[in-house]
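Notes for the one structure printed next.
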Amino acid sequence: DFRIEKCKTKVYPDELPNTSVVIVFHNEAWSTLLRTVYSVINRSPHYLLSEVILVDDASERDFLKLTLENYVKNLEVPVKIIRMEERSGLIRARLRGAAASKGQVITFLDAHCECTVGWLEPLLARIKEDRKTVVCPIIDVISDDTFEYMAGSDMTYGGFNWKLNFRWYPVPQREMDRRKGDRTLPVRTPTMAGGLFSIDRNYFEEIGTYDAGMDIWGGENLEMSFRIWQCGGSLEIVTCSHVGHVFRKATPYTFPGGTGHVINKNNRRLAEVWMDEFKDFFYIISPGVVKVDYGDVSVRKTLRENLKCKPFSWYLENIYPDSQIPRRYYSLGEIRNVETNQCLDNMGRKENEKVGIFNCHGMGGNQVFSYTADKEIRTDDLCLDVSRLNGPVIMLKCHHMRGNQLWEYDAERLTLRHVNSNQCLDEPSEEDKMVPTMQDCSGSRSQQWLLRNMTLGA
Ligand code: UDP
Ligand code: MN
């Protein structure tokens, strides 16, 4: 039982909607799959379980065929196995499972989870309160070495970076304040990890299920997150519900067509349909993706219109103001030195390293920075930071606290003045030609910078 004490004594209504549990898998191991199924059966009140549906996404392992079929016949809760005719990916497999399910709520789980004591009631109770709330448990970590269970944190929530990678970030103060410090209350989260969540069946249909044009894996979690928020629903982490998940280092499956290609395609569909002009952040930092064919998204765009969904700017402003993508910004593109004609370049883009300077290549990627309305100079989640007089200029995680990450751009003098030190960003010194320096502001050409706005033809 991994709940905090206050959760253990919470009382939920007797009349809760029941749920189907849909578990899709491709080449899952026997032990982890059965651990998932047994934990669902053993840790859920059976009157709340409509059925368990296993969707086999064309696995190649023999024991997942007849052996599995015979095994699940003897379990206490009906377990149905559906087979995809061909490898389809988790998105279309989940759609198939959802279509076959009968419960009032659909609960999706990965095939390598462990549901813990009391996991289900708080999820269903929240949906009963508000059927347009999509709920996730706290996802605890099951070690992929020892398979031991380790409680996760209720202090992180879901976000994403410019490359559209899902990331966990600390729950911001505004959300703590909204819950008045009550850790048993759900956390409103900008995005979900995607593998584990419950949703009212009818709402799942109304809101447009999944984008069936997405393949294999990736992007569908952000697609659903943006869609829920922009189209009038909400997404929450119900902190009294704990489910463990094996975070594995390698996948037991291939990505037909190549991992990069599949994920880029899915992410392009997501960006094109939901992100409006903010898709530029994604395209500029990973310029290769604009060449990827993403198929036809007109059906999804129509869905967005029919549901009268709000723009992405609304989402950034109201749901995710601490996003890595700034809601308002002055520039997005290269930062070029007038004297040397070289560009800021974060080279290997590593945290805690000096920002570099290099010949401008105009290709985005490592040479993309945004000067934001909050006066940070950032690339993705890293900000230019100076903590001592005369530098160095380091790339640090953006903290939104101004402090050492506050820069004043003078559009006439073209200077970038670091407010705390009152010094200006300058060209490299003789000793190290690879990094810019901080100097007293002098008005010299070496302290002049052009902040360019770049767009990549999509
Ligand atoms: N999955 C699937 N078909 C695929 C890829 C994945 O059915 O082509 C299943 C997989 O077995 C798992 C779920 O989808 O149950 C999520 O995939 P995975 O666990 O690999 O994603 P991760 O948790 O690593 O993000
Ligand atoms: Mn998984």
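If the condition is being within 16 Å of ligand 1 (Cβ to nearest atom) and either among the basic types (Lys, Arg) or in contact with a Ser or Thr (Cβ under 9 Å, 6 or more places away or on another chain) (or both), then region 162-193 contributes LYS163, LEU164, PHE166, ARG167, TRP168, THR191, MET192.
Might you check whether a residue that is under 19 Å from TYR329 (Cα atoms) and assigned to a strand (DSSP E or B) occurs anywhere in region 430-450? For region 430-450, residues under 19 Å from TYR329 (Cα atoms) and assigned to a strand (DSSP E or B): present. On inspection, ASP140 fails the criterion of being within 16 Å of ligand 1 (Cβ to nearest atom), in a loop (DSSP other than H, G, I, E, B) and more than 21 Å from ARG227 (Cα to Cα).
Taken over region 67-99, the criterion of being in a helix (DSSP H, G or I) and more than 15 Å from ligand 1 (Cβ to nearest atom) is satisfied by THR67, GLU69, ASN70, TYR71, VAL72, ALA99. Selection of region 235-252 for residues being assigned to a loop (DSSP other than H, G, I, E, B) and either more than 16 Å from ligand 2 (Cβ to nearest atom) or within 12 Å of LEU196 (Cα to Cα) (or both) yields an empty set.
Residues of region 14-61 being part of a loop (DSSP other than H, G, I, E, B) and either away from ligand 1 (no atom under 13 Å from the Cβ) or more than 20 Å from ARG248 (Cα to Cα) (or both), which ones? Those that are part of a loop (DSSP other than H, G, I, E, B) and either away from ligand 1 (no atom under 13 Å from the Cβ) or more than 20 Å from ARG248 (Cα to Cα) (or both): ASP14, GLU15, LEU16, PRO17, ASN18, ARG43, SER44, PRO45, ALA58. Considering VAL52, VAL37, the condition of being of a type in the set (A, V, I, L, M, F, W, C), farther than 28 Å from LYS265 by Cβ, crowded, with 21+ Cβ neighbours inside 10 Å and out of contact with any Lys or Arg (no Cβ under 9 Å at 6 or more places or on another chain) is satisfied by VAL37 alone.
Okay, residues lined up against (1) within 30 Å of VAL289 (Cα to Cα); (2) under 37 Å from the mean Cα position of the chain (by Cα); (3) at pLDDT 95 or above:
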site	(1), (2), (3)
LEU416	no, yes, yes
CYS424	no, yes, yes
SER442	no, no, yes
MET454	yes, yes, no
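Test ARG179 against the stated conditions and say whether it is closer than 30 Å to HIS399 by Cβ, charged (D, E, K, R) and under 22 Å from the mean Cα position of the chain (by Cα). Against the criterion (closer than 30 Å to HIS399 by Cβ, charged (D, E, K, R) and under 22 Å from the mean Cα position of the chain (by Cα)), ARG179 does not qualify.
Just one residue in the set SER234, SER198, SER241, SER225 is in contact (Cβ under 8 Å) with a residue 40 or more places away in the chain and surrounded by fewer than 19 Cβ atoms within 10 Å (Cβ to Cβ); that residue is SER234.
In region 390-422, the residue that is farthest from GLY443 (Cα to Cα) out of those that are small (Gly, Ala, Ser) and surrounded by 14 or more Cβ atoms within 10 Å (Cβ to Cβ) is GLY391.
Among the residues of region 194-234, those identified as in a loop (DSSP other than H, G, I, E, B), within 12 Å of ligand 1 (Cβ to nearest atom) and closer than 18 Å to LYS265 by Cα are GLY194, MET214, ASP215, TRP217, GLY218, GLY219.
The values are calculated or read from the model by the stated rules, or taken from the named source; none is laboratory data. None of these values were measured; they are calculated from a predicted model. No Cβ is skipped: glycine too gets one built from the backbone with ideal geometry, and neighbour counts run over all protein chains shown.
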